[in-house]
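A.B. asks: Pasting in a structure now, in structure tokens, and then I'll have a few things to ask.
The values are calculated or read from the model by the stated rules, or taken from the named source; none is laboratory data. None of these values were measured; they are calculated from a predicted model. Please note: Cβ atoms are built from the backbone with ideal geometry, for glycine as well, and neighbour counts cover all protein chains shown.
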Amino acid sequence: MRILDLRKLAAFCDYFVILSTQSLRQTNAIAEALQEDLSRLNLKPLSRIPAEDKSGWIVLDFRSVIVHIFHKPLREYYSLERLWQDAKKVRISIRKKSPTR
């Protein structure tokens, strides 16, 4: 996963979140799960994705954050990180959940 800070480069959003998946099925599953999780926080994308999208690139526009979910070969082909190479890369730390007993 890569997060790009576009605040100084673009007027249409603040951040890009870019994810890669290993299959088209995984691309769709992640998009659906992300939409479901964020809808619980009353965050909904501006448009809906078609069920069983086969494009290999799903874009979820949450206004200030745009999420790009790519099947890996398409991410490499389109290389958004190269197109937006002047964007600052945001570092995040992911905490591992401790096992529940």
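A.B. asks: Can you tell me how many residues in region 5-42 are hydroxyl-bearing (Ser, Thr, Tyr) and under 16 Å from LEU83 (Cα atoms)?
C.D. replies: Summing the residues that are hydroxyl-bearing (Ser, Thr, Tyr) and under 16 Å from LEU83 (Cα atoms) in region 5-42 gives 1.
A.B. asks: Please report, ordered by residue number, the strands (runs of 3 or more DSSP E) entirely within region 16-90 with at least 1 residues that are under 12 Å from the mean Cα position of the chain (by Cα).
C.D. replies: Ranges flagged: 57-61, 65-71.
A.B. asks: Please name all residue pairs, on different chains or six or more residues apart, with Cβ atoms under 6 Å, provided the first residue is in region 89-101 and is modelled with pLDDT of 70 or more and the second residue is of a type in the set (D, E, K, R).
C.D. replies: Filtered contacts from region 89-101: VAL90/ASP5.
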